[in-house]
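The values are calculated or read from the model by the stated rules, or taken from the named source; none is laboratory data. The model shown is predicted, which means the values in this text are computed figures rather than measured ones. We place every Cβ from the backbone using ideal geometry, glycine too, and count neighbours over all the protein chains shown. Calculation scope for accessible area: heavy atoms of the full protein, side chains included, ligands and nucleic acids excluded. Shrake-Rupley method; radii C 1.70, N 1.55, O 1.52, S 1.80 Å.
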Amino acid sequence: MTTPAAIERELAELRGKTAGDHAGTRTHIVDLVAYADDPAIATELGEVVAMMRHHRPSRALIASGAPGDVTAEPAVFCSPMQEGGAIVCCEIVRLTGPPAGDALTSMIASLLLPDLPVFLLWLSPPPLDRPTFHNLAALATRLVTDSTRFPTTLDVLGSVARQEHLVVTDLAWTKITGWREVVATIFDDAEHAALLPSLEHVAIQHVAGSDAQARLLVGWLATASRATPTTSIEAVTHEDMRPGSLVRVELTCGGHRFIVDRPSEGMATIDVPGRPIRRAALRVPPFGTLVGEELEFLAPDRAFEAALERLPPGAR
Amino acid sequence: MDTNPLRDTFRMHRVPGPCAVVIFGGLGDLAGRKLVPALYNLYLRRLLPAGFAMVGVGRRDATDTEYRAEMRERCARFSRTPVTDAEWEGFEELLHWVGGTFDATETYTTLARRLEEIGVARGTAGNVMFYLSVPPSQFPVIVDGLGDSGLAREEPGRFRRAVIEKPFGHDLPSSAALDAEVHRAFKESQVFRIDHYLGKETVQNILVFRFANGIFEPVWNRNFIDHVQITVSESIGVEGRGKFYEEAGALRDIVQNHMLQVLSFVAMEPPSSFDAEAVRDERGKALASCRPLLPSDVVRGQYSAGFSDGDAAKGYRNEDGVAPGSDVETYIAARLMIDNWRWADTPFYLRTGKRLPKRVTEVAIQFKRVPHLPFSYAAAEQLEPNVLVLRIQPNEGISLRFGAKVPSERVQIRTVNMDFQYDTAFSAAPAEAYETLLLDAMRGDGTNFPRQDAVNQSWRIVEPLQESWTRLGGGPHLYEAGSWGPEAADELLARDRRRWRRP
């Protein structure tokens with residue numbers, strides 16, 4: 001049977017050993033709490049946090065359900081944030097405990113560093129009727145999900161936000177920030193911006209496996225343009241890209257067609273009528289970077305919340 | 001751009017309007033090390049406008065393809081983000097080259113034609129920012145060329161801007177002359193003077209630190225502050241720039257621009273808004289309140305042979321490009337007074353030098369001691385005044401020194417540090433100063449660019465020194481490479497019963 005005090009002692013020792021002369025320096029950004037029923041996902045999350053170079057949480061508490069008493073495996077990862085910079089540590093505690101009941105959540109509540117925002121990373125669809133989720137949500141400032149892995153998450157996020165009074169976000173939305181920026185460039189000039197309210201049709205191709213990113217992009221376009229476009233979302237095969245990644249976005253607006261194509265990772269082409277085809281950098285960051293980026297934001301993302309309200313139906 | 005409803009500001013950055021950037025000296029050291037890598041990183045971050053192009057101008061007769069290949073090699077060496085094929089292919093399309101000498105009319109005719117063609121192809125909307133990455137002697141030539149060819153002329157809905165690099169002259173008259181030259185073709189609102197120190201996050205954060213927090217500004221004045229020390233130290237020598245340094249010296253290279261600009265951030269009054277003119281007005285007023293530096297309040301030094309970073313280091317006079325009997329200063333220590341309500345009688349001590357023990361830029365604000373210490377002398381013997389240190393580089397952060405009781409059965413007070421490090425709180429790698437400044441200039445935001453009035457004020461402050469050194473001669477004090485400067489600098493503070501911090 002472990003106790004929070006024992007875990008804190010072990011972490012302090014590990015910090016001393018790992019960071020050497022820089023013992024005690026840890027990030028002061030956020031507490032990250034992650035829960036996964038699947039131990040394999042919990043292990044993956046632990047590895048992702050340990051590898052994070054930037055935006056590291058101060059302390060990550062990564063929990064998964066298992067019968068028996070609560071167990072804890074504390075670890076400390078220290079490295080310079082920037083070349084030649086100070087060595088900074090991130091503490092990771094892997095916790096297992098009964099998936100139901102209060103044992104795990106009470107341990108997590110004791111281990112949170114004080115006065116820091118708490119991000120709850122719950123990748124699977126948030127179960128509103130489950131006490132573990134409810135208790136962890138009560139500790140959290142912000143809920144981070146990943147509807148690319150679990151597409152049905154998108155359909156419950158709105159009610160989660162309302163019921164738990166939580167700021168919610170989704171790594172699928174983080175993934176399309178680059179896409180949104182590239183699409184937005186088409187309408188930077190006043191001539192094209194004037195066409196947006198007459199957005200008639202949005203056609204999106206995405207890599208098979210999840211339509212979450214495509215649906216979010218449509219939801220965003222519909223709310224931002226204040227139009228009611230028809231939609232077609234098509235899954236395609238693309239071996240070089242991750243499941244769910246967007247491949248092509250075609251907008252029909254005031255009789256013109258605007259096309260953003262991503263033939264390969266890292267680069268997009270933008271085809272605007274009457275203009276030469278342009279290229280833009282478009283690389284979707286790896287999972288750890290996406291999680292790290294999400295830790296930057298505390299306030300509600302109004303564009304995301306609005307996009308959730310205008311999602312097209314998902315693939316069945 | 002402001003009318004684009006797809007641009008939300010929560011996650012997306014504000015992107016400038018369409019424009020072309022023309023870099024005179026496009027194959028020079030600054031362009032290859034800083035400017036083009038900065039543009040490449042802006043491209044990767046999708047912060048360049050959709051309508052964008054860059055045109056390098058220089059003497060070499062090269063094709064666009066050759067120029068792109070050379071810039072790829074430079075970016076591979078100097079970009080903070082690795083160069084990859086996919087991203088570079090998109091970026092290199094934006095790069096163009098115009099060969100020609102700066103004094104030839106046809107150079108500007110060719111440039112105008114290329115800008116016209118590129119503008120149509122790339123959609124730059126006729127907006128052009130000219131970056132003069134050339135020695136100051138070339139400024140008037142290029143400005144005349146741009147003026148005479150009509151390239152500097154703005155029209156409704158079409159901007160033309162000039163970005164110039166320091167040094168802005170070598171004294172007050174030459175600065176004024178340069179300014180007059182620049183203004184022959186460009187209005188002040190079109191001119192952006194780059195001092196890359198002002199692009200550093202931590203310099204910009206001085207404003208946030210002072211004016212977004214309730215606890216500091218009430219004590220930020222002569223009633224609570226004993227004095228301020230600003231240190232810009234380098235462990236390197238002149239590093240092959242001996243010829244340049246012989247003309248500049250520490251006074252012109254560092255004090256007149258970087259240090260006085262940093263000082264203006266520390267000493268300024270709160271601006272009414274974060275608007276560029278409001279901020280620059282207040283910084284200008286702070287500099288206008290500074291007394292000129294008198295020779296009696298300044299120590300100049302020059303490094304002799306010694307050890308630096310564990311290696312033997314030769315003396316300044318033995319560096320390449322340096323005259324054997326050179327009297328040029330590589331070190332300055334100065335006591336500067338500000339005549340205004342906030343800072344009267346509160347000295348600002350400035351110290352900069354090459355071949356000092358470490359590379360540090362910091363502002364240390366030393367507070368006055370408490371009026372009465374209710375502890376025994378023995379208990380408080382180790383107590384030092386409170387010092388608030390704003391570390392600009394390296395290890396950007398803020399620390400506060402204060403007294404704490406040593407754990408024991410008796411009362412004994414020792415000074416401890418409370419330390420805040422930027423990279424433990426905000427772990428994202430900050431953008432390079434040139435990325436920030438290029439973006440600001442493309443957006444037309446002059447907040448982080450010194451205005452000519454500030455440049456004039458800073459020359460006014462250092463002018464008596466230049467005159468005195470020229471008229472009276474007298475060499476600098478020698479200090480050993482790897483030391484904290486000449487003893488005379490310690491004596492300068494000892495006169496005021498103070499001493500330098502050891503950063």
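Overview of values
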{"read-out": "Cα-derived Rg to Rh of region B:211-271, Kirkwood definition", "value": "1.14"}
{"read-out": "Calculated FRET efficiency for the pair A:E73/B:N340, C-beta based, R₀ 60 Å, to 0.05", "value": "0.50"}
{"read-out": "Of all accessible heavy-atom area on region B:287-368, the percent that carbon and sulfur account for (1.4 Å)", "value": "51 percent"}
{"read-out": "Per chain A, cysteines lacking a partner by the 4.7 Å Cβ criterion", "value": "A:C90, A:C253"}
{"read-out": "Average Cα contact separation per residue, region A:258-305, under 8 Å, 6 or more apart, as relative contact order %", "value": "24 percent"}
{"read-out": "Interatomic Cα distance distribution for the protein assembly as shown, bins of 20 angstrom, percent", "value": "14, 40, 35, 10, 0"}
{"read-out": "At least 10 Å² of accessible area lost relative to the chain alone, listed for region A:173-211 with a 1.4 Å probe", "value": "A:T177, A:G178, A:R180, A:E181, A:A184, A:T185, A:F187, A:D188, A:A190, A:A193, A:L196"}
{"read-out": "Charge dipole (debye, nearest 20) of chain A; +1 at Cβ of Lys and Arg, -1 at Cβ of Asp and Glu", "value": "420 debye"}
{"read-out": "Distance (nanometres) between label positions extended 7 Å along Cα→Cβ at A:D38 and A:S198", "value": "4.7 nm"}
{"read-out": "Summed side-chain charge close to A:L112 - residues other than A:L112 whose Cβ falls under 10 Å, Lys, Arg +1, Asp, Glu -1", "value": "-1"}
{"read-out": "Relative contact order for chain B, counting Cα pairs under 8 Å that sit 6 or more residues apart, in percent", "value": "16 percent"}
{"read-out": "For residues of B:81-88, the mean tally of beta carbons on other chains within 10 Å", "value": "4"}
{"read-out": "Cβ-derived FRET efficiency at R0 35 Å, B:D85 paired with A:A12, nearest 0.05", "value": "0.15"}
{"read-out": "Coordinate range along principal axes, alpha carbons of chain B, Å, largest first", "value": "80, 58, 43"}
{"read-out": "Separation of the B:D327 and A:S106 label points, Cα + 7 Å toward Cβ, nm", "value": "8.1 nm"}
{"read-out": "Whole-Å semi-axes of the ellipsoid equivalent to region B:19-165 (Cα gyration tensor, √5λ, descending)", "value": "23, 17, 13"}
{"read-out": "Cubic angstrom per residue, convex hull over Cα atoms of region A:151-275", "value": "113 Å³"}
{"read-out": "Of every Cα-Cα pair in chain A, the percent that sits beyond 29 Å", "value": "42 percent"}
{"read-out": "Cα-based radius of gyration of region A:4-140 once divided by 2.2 N^0.38 Å, which approximates compact folds", "value": "1.03"}
{"read-out": "Antiparallel DSSP beta bridges within the protein assembly as shown, percent to nearest 5", "value": "50 percent"}
{"read-out": "Accessible surface buried once A binds B (1.4 Å probe; total of both sides; Å²)", "value": "3500 Å²"}
{"read-out": "Dipole in debye (nearest 20) - the protein assembly as shown, about Cα centre, beta carbon charges: Lys, Arg +1; Asp, Glu -1", "value": "1280 debye"}
{"read-out": "Members of region B:4-37 that become less accessible by 40 Å² or more once partner protein chains are added (1.4 angstrom probe, chain alone as reference)", "value": "B:N4, B:P5, B:L6, B:R7, B:D8, B:F10, B:R11, B:M12"}
{"read-out": "Heavy-atom surface of chain B, accessible at 1.4 Å and reported per residue (Å²)", "value": "42 Å²"}
{"read-out": "Calculated FRET value between B:E217 and A:A299, using beta carbons and R₀ = 25 Å, to 0.05", "value": "0.45"}
{"read-out": "Carbon + sulfur, % of accessible area of region B:188-236 - ligands and nucleic acids excluded, 1.4 Å", "value": "57 percent"}
{"read-out": "Considering only region A:4-140, percent of DSSP beta bridges that pair antiparallel, nearest 5", "value": "35 percent"}
